[in-house]
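**Student:** Just passing along the structure, written as structure tokens.
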Amino acid sequence: MLHRTRYAVNPLPFIPFSGTGGEALSHSGMIAGGIAHPDGSVSVALWSEGVLTDLGVPPALPGPQFNKPRVFGINSRGSIVGTIHTAAGELPSRSFIYDRGHFTVLPLADPRNVGGAAIGINDQGQVVGYDRTSGGKVAGWLWRAGAYWKLPVHGTRTPALAINSGGTIVGNCSLSLARRLLNRQLRRAGERGFILSGGVTQYLAGFVYAINDLGEAAGGSTSKGEPMATIFRGGIATVILSQRSYAVGINGAAQVVGFYQPSGRGRRHLFIWSASSGALDLTPADYVSAEAAAINNRGEVLGFGETVSGESRYFLLTPDPRGALVPQALVK
């Protein structure tokens, strides 16, 4: 049972997202992120079983000023996707794929676009993401077999955020998500999620960020003006946490992770949810705030937050019968 599961807390060596970091967790336990160098540049790096490997920076870019990669997705083979931009900000940018020791920088879906970001990759190597157009729109896409495929999704802003092994895609539409995604400002009123499967688009009464191989999606929906963590099955929304909260990850066992804000408090807490145990607080003891980024099929949770000493840090929570962290009842 989940409430008996203890977790070991493993600090990770990646720079935080505010320093153009980024993170991704694979079902095989590999973690990708960014590491900083003395000259201010950032490399993509892979952490596996305690070993950190510097993978470098994508080559063949428009210019040497493109030296700030940010990771968003990784599959079970260790293929990594993300975006790379300059020190001036997230635009201009290019999408990249790292696979089997080599980087590929993707062309813009339209040469007139100003930026691209690859967000999710499945085990078949299919990639989803979005381009930012010169007019400020966000156009979601699928990269498959060396070519872009336009998504049949209505809206002026249609970023695709995740794709499962069956090729089902989830994302959100009609809002300018690009900047909020990069800065982790997850939602604004009016956002609407979509699930795209077999060429058919289903629009949701809520917003989504992750999907498992069973087609179950995680995100949120709004009740009385408050966002609440939600799981979507067959397009039907079920609220799993009736506090201000967001779900950002889901695994094959339908365990869901995210963050919530206790009433009257500004700090965020990390939660984990399952049908058998409900929602529980999984914030490490030495963190004043924490959020989940992902959960894999091994039950490992990738998170980030602020320590009691004021340091921003990524961490991995690993199920361990000797672990010091035990899920607790949620703070109201």
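**Student:** Quick one: A60 ticks every box in (1) at pLDDT 95 or above; (2) of a type outside the set (F, W, Y); (3) not in a strand (DSSP E or B) except a single one, so which number is it?
**Tutor:** A60 satisfies all of (1) at pLDDT 95 or above; (2) of a type outside the set (F, W, Y); (3) not in a strand (DSSP E or B) except (1).
**Student:** Sticking with this structure for a sec: When you check L270 against the structure, is it buried (at least 16 other Cβ atoms within 10 Å of the Cβ), hydrophobic (A, V, I, L, M, F, W, C) and assigned to a loop (DSSP other than H, G, I, E, B), yes or no?
**Tutor:** no
**Student:** Can you tell me which residue among S276, S263 is farther than 25 Å from G73 by Cα and in contact with a Leu (Cβ under 7 Å, 6 or more places away or on another chain)?
**Tutor:** Numbers: S263 fails: in contact with a Leu (Cβ under 7 Å, 6 or more places away or on another chain).
Every option except S276 fails the conditions.
**Student:** Further, regarding this structure: For the range 273-293: of the residues being assigned to a loop (DSSP other than H, G, I, E, B) and hydroxyl-bearing (S, T, Y), which is nearest to P319 (Cα to Cα)?
**Tutor:** Of all residues in the range 273-293, those assigned to a loop (DSSP other than H, G, I, E, B) come to 275-277, 282-286.
If we keep only those that are hydroxyl-bearing (S, T, Y) as well, we get 276-277, 283.
Numbers: S276: 17, S277: 16, T283: 14 Å.
For the range 273-293, the residue satisfying everything is T283.
**Student:** Right, next: Among the residues of the range 25-49, count how many are at pLDDT below 95 and in a loop (DSSP other than H, G, I, E, B).
**Tutor:** Residues flagged as at pLDDT below 95 and in a loop (DSSP other than H, G, I, E, B) within the range 25-49 amount to 6.
**Student:** What do you reckon, is A329 at pLDDT below 95, surrounded by fewer than 18 Cβ atoms within 10 Å (Cβ to Cβ) and either hydrophobic (A, V, I, L, M, F, W, C) or more than 14 Å from L12 (Cα to Cα) (or both)?
**Tutor:** On the way: at pLDDT below 95: yes; surrounded by fewer than 18 Cβ atoms within 10 Å (Cβ to Cβ): yes; either hydrophobic (A, V, I, L, M, F, W, C) or more than 14 Å from L12 (Cα to Cα) (or both): yes.
Answer is yes for this residue.
**Student:** Something else about it: So which residues in the range 290-323 are of a type in the set (K, R) and touching a His at 6+ places or on another chain (Cβ under 8 Å), if there are any at all? Even if it seems obvious, please write down each step before you answer.
**Tutor:** Of the residues in the range 290-323, the ones of a type in the set (K, R) are 298, 313, 322.
Answer for the range 290-323, where residues must be of a type in the set (K, R) and touching a His at 6+ places or on another chain (Cβ under 8 Å): just R298.
**Student:** Taking the condition of being in contact with a strand residue (DSSP E or B) (Cβ under 8 Å, 6 or more places away or on another chain) and either without any contact (Cβ under 8 Å) to a residue 12 or more places away in the chain or among the acidic types (D, E) (or both), how many residues in the range 11-49 meet it? Let's see the steps before the verdict.
**Tutor:** So the first thing to find is which residues in the range 11-49 are in contact with a strand residue (DSSP E or B) (Cβ under 8 Å, 6 or more places away or on another chain), and the list is 11-26, 29-37, 41-48.
Subsequent filtering for residues that are either without any contact (Cβ under 8 Å) to a residue 12 or more places away in the chain or among the acidic types (D, E) (or both) retains 23, 37.
Going through the range 11-49 one residue at a time, the tally reaches 2.
**Student:** Is one or more of the residues making up the range 238-254 assigned to a strand (DSSP E or B), touching a residue at least 60 places away in the same chain (Cβ under 8 Å) and under 16 Å from T5 (Cα atoms)?
**Tutor:** The answer is no; no qualifying residue exists.
**Student:** Follow-up. Could you please give the count of residues in the range 36-60 that are aliphatic (A, V, I, L, M) and buried (at least 18 other Cβ atoms within 10 Å of the Cβ)?
**Tutor:** Of the residues in the range 36-60, 6 are aliphatic (A, V, I, L, M) and buried (at least 18 other Cβ atoms within 10 Å of the Cβ).
**Student:** Give just the number: which of (1) crowded, with 17+ Cβ neighbours inside 10 Å; (2) closer than 25 Å to G215 by Cα does P152 not satisfy?
**Tutor:** (1)
**Student:** While we're looking at this one, here's another question. When the residues of the range 167-189 are narrowed to those that are outside any strand (DSSP E or B) and at pLDDT 95 or above, which ends up surrounded by the most Cβ atoms within 10 Å (Cβ to Cβ)?
**Tutor:** The first filter runs over the range 167-189 and keeps only residues outside any strand (DSSP E or B), leaving 167-168, 174-189.
Of the ones still in play, those that are also at pLDDT 95 or above are 167-168.
Numbers: G167: 15, T168: 19.
The residue in question is T168.
**Student:** Examine the range 132-144 for a residue that is of a type in the set (A, V, I, L, M), at pLDDT below 95 and within 22 Å of G40 (Cα to Cα), and state whether such a residue exists.
**Tutor:** no
**Student:** Could you look through the range 287-332, keep only residues that are touching a residue at least 40 places away in the same chain (Cβ under 8 Å) and of a type in the set (D, E, K, R), and pick out the one that is nearest to Y7 (Cα to Cα)?
**Tutor:** D320
**Student:** A follow-up question, please. Just to be sure I understand, how many residues within the range 237-282 are touching a helix residue (DSSP H, G or I) at 6+ places or on another chain (Cβ under 8 Å) and at pLDDT 95 or above?
**Tutor:** 4
**Student:** For the range 121-166: of the residues being in a strand (DSSP E or B) and of a type in the set (V, I, T), which is farthest from the chain's Cα centre (by Cα)?
**Tutor:** Residues of the range 121-166 in a strand (DSSP E or B): 121, 127-132, 138-144, 147-150, 157, 160-163.
If we keep only those that are of a type in the set (V, I, T) as well, we get 121, 127-128, 138, 163.
Working: I121: 11, V127: 14, V128: 12, V138: 17, I163: 12 Å.
Per the criteria, the residue is V138.
The values are calculated or read from the model by the stated rules, or taken from the named source; none is laboratory data. Values in this document were obtained by computation on a predicted structure and should not be read as measured data. Neighbour counts run over all protein chains shown; Cβ positions are idealised from the backbone, glycine included.
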